[in-house]
Amino acid sequence: MTAPVKVTCHCGAVELAVTLSDGLATARRCDCSFCRRRGAPAVSAPLDGVTVVRGADKLALYTWGSHTAQHHFCSVCGIYTHHRRRSNPNEYGVNMGAIDGVNPRDHDIAWSDGVNHPSDRGSTPKT
């Protein structure tokens, strides 16, 4: 693994130290109903690779449906910092755009098919 990177929200109230699983090579976007609205690409980190350095009291949590995915964001400025993944609850997705010195525009980023998530197969649609 690599040295930790610094992840901050827009206002600076929240700061994370994150050890990425494979640097920026895991960058991807998702087209599920939540991610396509949020629009932030994410990179992978193991559960023990994310440490809240500052602002734990400012982190808010959003979850829905199965409550497996847990999305954390700054309650002051609203920036998404990281989330526990539904696709793999043993890792976090970290907002690539919140990593100091990284501009997602400078990278080719793959898409994940969140609309057709494997956990949703065989279930009846919610109305």
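The values are calculated or read from the model by the stated rules, or taken from the named source; none is laboratory data. Computed from a predicted model, the values in this text were never measured in an experiment. Counting neighbours? That spans all protein chains shown, and the Cβs are built from the backbone with ideal geometry, glycine included.
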Query raised in the report: Can you tell me which residue in segment 21-59 is farthest from Asp100 (Cα to Cα), limited to those that are under 12 Å from the mean Cα position of the chain (by Cα) and of a type in the set (Gly, Ala, Ser)?
Result: Gly39
Report summary line: The number of residues in segment 103-119 that are at pLDDT 90 or above and under 15 Å from the mean Cα position of the chain (by Cα) is 1
Query raised in the report: Scanning for something farther than 21 Å from Asn88 by Cα, assigned to a strand (DSSP E or B) and not β-branched (Val, Ile, Thr), does segment 3-12 turn up at least one residue?
Result: yes
Query raised in the report: Could you say which residue among Val5, Val18 is more than 13 Å from the chain's Cα centre (by Cα) and buried (at least 18 other Cβ atoms within 10 Å of the Cβ)?
Result: Val5
Report summary line: Of those in segment 64-84 that are at pLDDT below 95 and of a type in the set (Ser, Thr, Tyr), the residue surrounded by the fewest Cβ atoms within 10 Å (Cβ to Cβ) is Ser66
Query - Asp22 vs. criteria modelled with pLDDT under 90 and more than 22 Å from His10 (Cβ to Cβ) - result: no
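Looking at this structure, is Cys32 part of a loop (DSSP other than H, G, I, E, B) and modelled with pLDDT of 95 or more?
On the way: part of a loop (DSSP other than H, G, I, E, B): yes; modelled with pLDDT of 95 or more: no.
Answer is no for this residue.
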